[in-house]
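Every number in this text was worked out from the coordinates using simple rules, so none of it is lab data. Only a predicted model underlies this, so the values are computations on that prediction, with no experimental measurement involved. In this analysis, Cβ positions are derived from the backbone assuming ideal geometry, glycine residues included, and neighbour counts consider all displayed protein chains.
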Amino acid sequence: MAIDKLLTPLTVGKTTTANRIWMAPLTRSRAAQPGDLPAELNALYYSQRATAGLIVTEASQISRQGQGYAWTPGIYTDEQEAGWRQVVERVHAAGGKISLQLWHVGRISHHLLQADGAAPVAPSAVRAEGGKSFVVLPDGTPSNEPTDLPRALETSELPGIVADYVAAARRAMRAGFDLVEIHAANGYLLNQFLDTKANQRTDQYGGSLENRARLLLEVIDAIAAAIGADKVGVRLSPNGVFSDMSPIDNEATANYLAEQFQTRGLAYLHIAEPDWAGGVALTDDFRRSLRARFKGALVFCGHYTAEKAEVLLAAGIADAVAFGRPYIANPDLVARFAQGAALNPLDATTLYGGAEKGYTDYPTLAG
């Protein structure tokens, strides 16, 4: 099957991508230490994949409080900003476009990652059942540990959270990123506020859909005012149950948000489908409902093949499709799709942590 549509350019805000085969955000836990810094190894990794229409980086915490996993990069210090600038320069030199994903994990964290051993924060003091946080124990041993019971954020603290997002977005622009992506998916802080199970607040940020969406929209409005709405994307995960999210009202929430994003003129909406971590599969009727509400670039991600992605684009439902694990093992994924070539197998033992092995050593068709 020809994949002609996937290989055509796409306008995203004011950015033009060479094709519609995006690289999805992928946590790899390889930030340089100390300081959770993007470094030369990360710059090589991303530049190897610069033929993607748009690279969306691994999630990057906007503050120390926003971190939930050891060895993930941040975007809240001068050193982290400089590290990301090195990454962006290498990707741009290779002809690519890149968006930085902004991240606050909320309750999916552990006191060992927090300043002064503090409890993680969340909309409400509700533990994520089955939630895990990757930490380094006091004896130096890396370990996946159950997340701590969070404390509920005070209403007075929320403007500070918004300010952290804005500061991170400004740093991203100074580092040269083409766009930023607000991570409101996969059970992290902004998703927790949207969720009817995690959010039990009784103030203006809890209860009704409009209230639960308030913090996300405040973050979007503040970032858009700072850097321009045409440089902002958002990731949602409707029907996702990752990190103890509720399946209730997910599609209604996503449709409401799509309308809100449209009125704000956002560059793109990135949908993480639930098939990778459980949850009811999305239907084409629901995908079309998002398409009807949002006219920016609409992107889906979730176990797609090139052929399935081409069908979705040809139907006018999606503008691009993002690929995750195929990009880990195939830095030249666009060329492989274009030529119908076989994909490299993934080494799942090297997904998180480590160095070059399973990160920058996958072969390309060119050798």
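Pairs over the 28 Å Cα-Cα cut-off, from the set 308/357; 132/295; 5/197; 97/357; 97/197: 308/357; 132/295; 5/197; 97/197. Taking Cα centroids, how far is the stretch 185-227 from the stretch 310-367 in Å? Distance between centres, Cα-based: 33 Å.
Here Rg/Rh (Cα atoms, Kirkwood Rh) was computed from the coordinates, and among [x] 0.94; [y] 1.04; [z] 0.96 the match is [x]. If you plug the beta carbon distance of residue 155 and residue 112 into 1/(1 + (r/R0)^6) with R0 = 35 Å, you get a FRET efficiency near 0.80. For the stretch 25-58, backbone nitrogen atoms closer than 16 Å to the point 7 Å from residue 366 Cα along Cα-to-C-beta are found at 44-53. For residue 208, put the label point 7 Å out on the Cα→Cβ axis and report which residues of the stretch 148-171 keep their amide N under 20 Å from it. Label zone hits: 155. Rounded to whole numbers, the Karplus 3J(HN,Hα) couplings from phi for the stretch 203-211 are 8, 6, 10, x, x, 5, 4, 4, 5 Hz, using 6.51 cos²θ - 1.76 cosθ + 1.60 with θ = phi - 60°, and x at Gly and Pro. For residue 69, no residue 5 or more places off, or on another chain, has a built amide H under 5 Å of its own.
The translational diffusion coefficient of the stretch 208-367, from Stokes-Einstein at 4 °C and 1.567 mPa s with a Kirkwood hydrodynamic radius over alpha carbon pairs, comes to 74 µm²/s.
If exposed means no more than 12 neighbouring beta carbons inside 10 Å and the site is in a DSSP loop, what's the longest run of the chain without any exposed GluC sites (Glu not before Pro)? Within the chain, the longest run free of exposed GluC sites (Glu not before Pro) spans 155-355. With the helix formula -39500 (n - 2.57) applied to DSSP H stretches of n ≥ 4, the chain reaches a computed 222 nm mean residue ellipticity of -9000 deg cm²/dmol.
Length available on full extension from residue 346 to residue 40: 0.36 nm per residue minus the Cα-Cα distance, which gives 107.9 nm.
Could you tell me what percent of the DSSP beta bridges with both partners in the stretch 70-213 are antiparallel, to the nearest 5? Walk me through the intermediate numbers first.
Values: 5 of 11 bridges.
Beta bridges within the stretch 70-213, antiparallel portion: roughly 45 percent.
Between the C-alpha center of the stretch 239-288 and that of the stretch 30-87 there is a gap of 26 Å. Shape class of the stretch 62-199 from the Cα gyration tensor (axes a ≥ b ≥ c, square roots of the eigenvalues): prolate, since a/c reaches 1.5 or more and a/b is larger than b/c.
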